[in-house]
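A short write-up of the structure that comes next.
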């Protein structure tokens, strides 16, 4: 075991859980045993909530311009420890080091946005009548929680940590039990940056802690990122307990490719979108809809995909179960009559035979009713469907239950605008394979990709992590009285 057993982080200290039950943390790169993670109980969560609740009055009353000073320092520490954080991310998640570096760089950008919050939440004031003033202020909610997935061990936690805490809340985070190490390092950096004890806490575990977070009477809001199946459960359970909840689920993102698309740019973007982070991201392109004759572009995609080599520029999928599930999708598509242009099944990396790799896979002549066309695969696999018209392509995209992202590849501005207006997705790309908005623009999908109001990052997150306080004041009794005063 390379690292010491993982511990919870409560009230500024790493502490053991109240249980001896643990899970092994295994590196998907080579199958090495990295650590163990505790399966904490609701008693551990109670301790974290108690610490956060005790810290909340002082932290929330600290002026926001002082609160964000912590995140100026935290941003510096993320940059200082970028390589270390990236290497840890690669070890426990399996992505290649360049992708992990990009993940930490995104953490820096998210933190940079949080430092701008004083300029975005200054409130409004207006003299609504002679001598009568109305004012709005953003107030923190209290103790909040984030439940985060395995695919971005540092970035997704930083979707919520800087904004929620800078806005005056105290936070409890529940990392994925598959990748628990990165959050511990983030806790160390936040403490070094000067964050007071109790403001940020980590409770490790599995479904028991997720349920306990949804049920806890002193947690005011819950954010979740994961599969749609679990997102629905979390949203229903949390809101049933009268909490705010924003739950992000899965996706089936469609790339619509027109014959006039630039071949090289399209092929590079399609392959990068479907294979980046081994396809384990909710913005990955897993379905492509070709409009008309696009054989020349498919040939380029195949050539580009041949450049993606497991263990070199393609990371591992998270575990053996995921590898087997992804390969079952490919086999099923083949049995149903689809044509495998590149087959990533049974990929093995020399010297890392215990790693869990799936090679890039391109499947042509997929029918819209096939499982590979409808369901989230979460692997480096793209399914190509063919249509005659753009309207048919949009119909295929809109008939899927998800709504994270859709992209169109074309040199025709009219067609691009038509897709923007008609695709049922929250994030649209034009000649962009992964249309993730950059700060301050927010991240969030539609339909079965998101449950709740607002988005999880950017300006939209302010409304989720705060509540508005409105005050009306009058100091001059001599002023005339009318219906407004």
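Based on the alpha-carbon gyration tensor of the chain and its eigenvalue square roots a ≥ b ≥ c, which shape applies: rounded if a/c is under 1.5, prolate if not and a/b is larger than b/c, or oblate?
Values: a/c = 2.18, a/b = 1.36, b/c = 1.61.
Verdict is oblate for the chain.
As I understand it, the value is the acute angle between the Cα axis of helix 413-422 and the longest principal axis of the Cα atoms of the chain; what does it come to in degrees, rounded to 10? Here the helix axis deviates by roughly 60 degrees. For the chain, the longest principal axis of the C-alpha atoms and the axis of helix 295-305 are separated by about 70°.
Pair-distance distribution of region 89-145: all C-alpha pairs, bin width 5 Å, starting at 0; shares per bin in whole percent are 4, 13, 12, 12, 13, 11, 10, 8, 5, 4, 3, 3, 1. Ranked by the mean number of other Cβ atoms within 10 Å per residue, highest first, peptides 409-422, 62-75 order as 62-75, 409-422. With both labels modelled 7 Å from their Cα along Cα-to-Cβ, the residue 463 to residue 215 distance reads 3.2 nm. For region 253-430, the relative contact order works out to 30 percent when only alpha carbon pairs closer than 8 Å and six or more residues apart are counted.
For region 317-411, the alpha carbon convex hull comes to 124 Å³ per residue, rounded to a whole number.
With the convex hull built on the Cα atoms of region 253-430, state its orientation-averaged projected area in nm². Walk me through the numbers before you get to the answer.
Working: hull surface 36.3 nm².
Spelled out: convex hull of the Cα atoms, projected over all directions, averaged, 9.1 nm².
The slack in the chain from residue 229 to residue 302, taken as 0.36 nm per residue of separation less the alpha-carbon distance, amounts to 23.0 nm. Between the alpha-carbon centres of region 49-87 and region 148-183 there is a gap of 12 Å. Each of 77, 258, 126, 167 has some number of other Cβ atoms within 10 Å of its Cβ, and from fewest to most they run 126, 77, 258, 167.
Hey, could you get me the Stokes-Einstein D for region 1-147, Kirkwood radius over alpha-carbon pairs, 4 °C and 1.567 mPa s, rounded to whole µm² s⁻¹?
Values: Rh = 18.9 Å.
Calculated translational D: 68 µm²/s.
When you restrict to C-alpha pairs under 8 Å that are six or more residues apart and normalise by the size of the chain, the relative contact order lands at 18 percent.
Which of 296, 138 comes first, and how do the rest follow, when ranked by fewest Cβ neighbours within 10 Å? Intermediate values should be presented prior to the final figure.
Values: 296 11, 138 19.
In increasing order of surrounding Cβ atoms, one gets 296, 138.
Axis of helix 82-93 versus longest Cα principal axis of the chain: the two differ by about 60°, to the nearest ten degrees.
On a full-extension model of 0.36 nm per residue, what is the gain between residue 474 and residue 4, subtracting their alpha-carbon distance, rounded to one decimal in nm? Write out the running numbers ahead of the final one.
Details: separation 470, 0.36 × 470 = 169.20 nm, distance 6.09 nm.
Gain in length upon complete extension: 163.1 nm.
What percent do you get for the relative contact order of region 87-231 when only Cα pairs under 8 Å and 6+ apart count?
Values: 201 pairs, mean separation 36.9, N = 145.
About 25 percent, as a whole number.
Taking 0.36 nm per residue of sequence separation and removing the Cα-Cα distance, the residue 80/residue 420 pair yields an extension gain of 118.4 nm.
What shape does region 202-245 take by its C-alpha gyration tensor, where a ≥ b ≥ c are the square roots of the eigenvalues and a/c under 1.5 counts as rounded, a/b above b/c as prolate, and the rest as oblate? Because a/c hits 1.5 or more and a/b fails to exceed b/c, region 202-245 counts as oblate.
Taking only the C-alpha atoms of region 123-227, the Rg (one decimal) and the largest Cα-Cα distance, Dmax (whole number), read 17.1, 61 Å. The alpha-carbon atoms of region 169-312, seen along their principal axes, cover 58, 37, 23 angstrom, with the largest extent given first. Prolate is the label for region 223-273, because the ratio a/c of its alpha-carbon gyration tensor axes (a ≥ b ≥ c) is 1.5 or higher and a/b is greater than b/c. Rg and Dmax over the alpha-carbon atoms of region 105-176 stand at 16.5, 57 Å.
No value in this document is a laboratory result; all are computed from the given coordinates. Just so you know, these numbers come straight off a predicted model, no measurement behind them. Cβ coordinates were reconstructed from backbone atoms using ideal geometry, including for glycine residues, and neighbour counts include every protein chain displayed.
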